[in-house]
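Only one structure is covered here, and it is reproduced in the block below.
The values are calculated or read from the model by the stated rules, or taken from the named source; none is laboratory data. Remember, it's a predicted structure, so these values are computed and weren't measured experimentally. Neighbour counts are summed over all protein chains in view; Cβ atoms, including those assigned to glycine, are modelled from backbone coordinates with ideal geometry.
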Amino acid sequence: MQSFVIPQNAETRPFHKHWQFCVGSCHAPLLLRRDYIRQLKAIHDDLGICRVRCHGIFGDEMHTYDTLADALGNDQVPELYYRNFRLPILAYENVLSAGMQPFVELSFMPQHLAKDPQKRGSFYYKPCISLPKSDEAWCEHIRAFLQALIHHFGAREVRSWYFEVWNEPDLTTPFFAGTQEDYFHLYEITARTLKEVDPELRVGGPSTSASKWVESFVAFCRQRDVPLDFITTHQYPGDPITSVYDQGGQKPGELSETEQQQMAQYANIDLAALFSGLVPEEGVLPFFRRILRDSTETDALDRAVLANHGAIVKQQAGGLPVYYTEWSDSATCPADGHDSRRMAAYDVFAALAADGVIDGSSIWCFSDTFEEHLPYPEEFHGGFGLQTQHGIPKPAYRAMQLLGRAGDQRLVLDGALEGEISLAAFRKGPDTQLVLTRQNLHHAANRNAPAETARIRVELPAAPRSVVAWRIDETHCNPARAWEEMGRPMQPTPEQLDLLRQASELQPEFWPVHYQDGVLTLETALGINDLCFIRIQA
């Protein structure tokens with residue numbers, strides 16, 4: 001049993017809901033889909049998230065820089081180029097219609113502006129990750145893009161957005177065919193162009209994986225007086241294989257240390273075993289589950305990595321706002337944990353641990369409508385999303401919805417996040433709210449661990465009117481289990497989808513009030529990665 005005491009006179013401090021700053025999305029063309037925007041609006045309405053960030057606003061599918069040869073399907077015609085920002089503008093109109101704003105990631109390279117159009121990221125949609133063949137042409141494209149946004153949406157609106165240069169340039173295989181020096185130069189010319197268009201536009205980077213490059217990036221910008229309004233980076237458990245202090249510097253075409261580690265892992269794969277037993281009827285999911293291993297299922301990882309590395313990055317940023325524009329429980333997809341309460345428990349724990357450390361963050365990502373791999377037919381396939389492809393809320397969705405209900409004053413409770421069972425407490429008017437989690441990333445080794453009891457003694461001036469709790473566990477908010485019990489239908493019927501939505505709903509429990517001598521005593525059992533949100537109504 002783990003015990004907690006909440007004094008009546010406990011000190012409070014503001015609770016900063018940094019995860020409501022933004023949420024991650026797949027690449028830009030999906031923002032043109034009605035079902036995608038419907039899910040995005042639910043994210044805004046239920047979770048209170050204000051912005052969305054997507055990859056590839058300049059991807060070739062967005063047709064921002066085409067040629068006559070593209071239009072005619074004939075490369076023998078004259079080289080006539082034209083710009084067209086209609087699709088990005090439509091995507092951003094859709095974002096605004098959902099009640100949100102875009103967090104603009106300036107990527108990837110239009111193929112006709114690329115130094116090497118054959119340099120492509122390792123994803124299904126094959127983004128061009130080349131450097132520009134001409135700094136001037138790239139800057140003119142950025143200038144025209146910004147002018148089109150300002151013309152359409154107005155300067156006041158666009159000034160309230162954030163512009164981030166590229167995505168994870170430290171990862172050369174999936175995202176950037178260049179060195180750290182190349183990225184710093186690309187950032188410099190982009191940021192200067194942005195400020196030339198409108199000095200009040202906000203720009204930042206380096207948008208690295210694993211909290212890397214920040215110290216050297218800030219130093220570079222200050223030494224050269226390069227515009228820099230905010231810092232962005234990413235963090236998942238298991239990262240970095242290198243260090244938060246890593247300075248990069250690999251040569252063109254050379255793999256980063258992270259990628260070398262990953263390639264060494266793949267080089268040792270037994271190909272015969274990898275493909276053994278695969279059958280066409282089961283689709284591609286079994287293959288990807290074999291090759292993309294989820295380290296959180298096998299290794300004991302630092303569950304406080306977002307807060308710990310966030311504190312280092314905040315210091316390296318030298319007073320600039322720090323936004324973690326990607327984070328969650330695992331960078332592996334597909335992974336069973338993304339559909340389960342494990343992601344819910346981790347995201348809540350990490351959000352609470354990083355409270356007061358970072359300025360804003362963006363959970364990766366809001367929907368399983370996601371196309372880095374081929375679209376999976378399974379409704380629950382371990383995708384990154386807070387929702388399935390049909391918009392069924394997963395446990396992590398419900399967990400962040402509950403955390404969003406917490407009051408804006410957090411009680412200061414020393415050591416309450418240190419154990420496997422952790423506690424956070426909040427004041428919302430006269431009411432007290434509690435969030436209990438039993439969080440353990442090493443889920444596979446603990447699947448059958450027995451439940452543990454948490455006892456909480458809450459000092460109150462009078463007996464509360466009611467105690468209401470909401471659970472996320474094996475039998476509450478578990479639509480993946482309901483889908484399994486249906487027989488894992490590849491294409492759920494409308495009636496089945498309704499049942500899955502019902503299985504995802506939060507259900508209130510009204511607990512008996514045990515109040516004596518100024519103390520309310522609560523007890524509840526928690527399995528691994530269970531979560532309980534409790535409201536004590538004064």
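Filtered by the rule that a residue be farther than 19 Å from Arg222 by Cβ and touching a helix residue (DSSP H, G or I) at 6+ places or on another chain (Cβ under 6 Å), segment 170-212 gives Thr173, Thr193, Val197, Glu200, Leu201, Ser211. Within segment 338-361, track down each residue that is under 15 Å from the mean Cα position of the chain (by Cα) and under 12 Å from Gly385 (Cα atoms). Within segment 338-361, His338, Asp339, Met343, Ala344 meet the criteria.
The set of residues in segment 318-340 being farther than 25 Å from Pro395 by Cα and either crowded, with 23+ Cβ neighbours inside 10 Å or not assigned by TED's automatic domain parsing to the domain that holds Phe220 (or both) consists of Val322 alone. Residue count for segment 451-498 under the criterion of being free of Cβ contacts under 8 Å to residues at least 12 places away in the same chain and within 30 Å of Asp302 (Cα to Cα): the result is 1. With respect to being closer than 24 Å to Ala331 by Cα and either aromatic (Phe, Trp, Tyr) or surrounded by 16 or more Cβ atoms within 10 Å (Cβ to Cβ) (or both), Ile129 fits the description. Number of residues in segment 369-403 that are modelled with pLDDT of 95 or more, under 20 Å from Tyr236 (Cβ atoms) and assigned to a loop (DSSP other than H, G, I, E, B) equals 3.
Every condition in (1) within 14 Å of Ala28 (Cβ to Cβ); (2) in a helix (DSSP H, G or I); (3) basic (Lys, Arg) holds for Arg53 except the one numbered (2). Do we have Val357 as in the same structural domain as Gln387 (by TED's automatic domain parsing) and outside any loop (DSSP other than H, G, I, E, B) here? Judged against the criteria, Val357 is not a match. Of all residues in segment 321-337, those satisfying the criterion of being within 12 Å of the chain's Cα centre (by Cα) and small (Gly, Ala, Ser) are Ser328, Ser330, Ala331. Quick check: is even one residue across segment 135-157 surrounded by fewer than 17 Cβ atoms within 10 Å (Cβ to Cβ), under 26 Å from the mean Cα position of the chain (by Cα) and either in the same structural domain as Cys22 (by TED's automatic domain parsing) or more than 15 Å from Ala28 (Cβ to Cβ) (or both)? Within segment 135-157 (the criterion being surrounded by fewer than 17 Cβ atoms within 10 Å (Cβ to Cβ), under 26 Å from the mean Cα position of the chain (by Cα) and either in the same structural domain as Cys22 (by TED's automatic domain parsing) or more than 15 Å from Ala28 (Cβ to Cβ) (or both)), the answer is yes, since at least one residue qualifies.
Restrict the check to segment 84-97 and report whether at least one residue is within 14 Å of Asn167 (Cα to Cα), in the same structural domain as Glu371 (by TED's automatic domain parsing) and in contact with an Asp or Glu (Cβ under 8 Å, 6 or more places away or on another chain). Scanning segment 84-97 turns up no residue that is within 14 Å of Asn167 (Cα to Cα), in the same structural domain as Glu371 (by TED's automatic domain parsing) and in contact with an Asp or Glu (Cβ under 8 Å, 6 or more places away or on another chain). Filtered by the rule that a residue be without any contact (Cβ under 8 Å) to a residue 60 or more places away in the chain and either not in a loop (DSSP other than H, G, I, E, B) or not assigned by TED's automatic domain parsing to the domain that holds Tyr162 (or both), segment 100-132 gives Pro102, Gln111, His112, Leu113, Ala114, Arg120, Pro132.
Could you look through segment 497-526, keep only residues that are in a strand (DSSP E or B) and among the charged types (D, E, K, R), and pick out the one that is farthest from the chain's Cα centre (by Cα)?
In this case the residue turns out to be Glu523.
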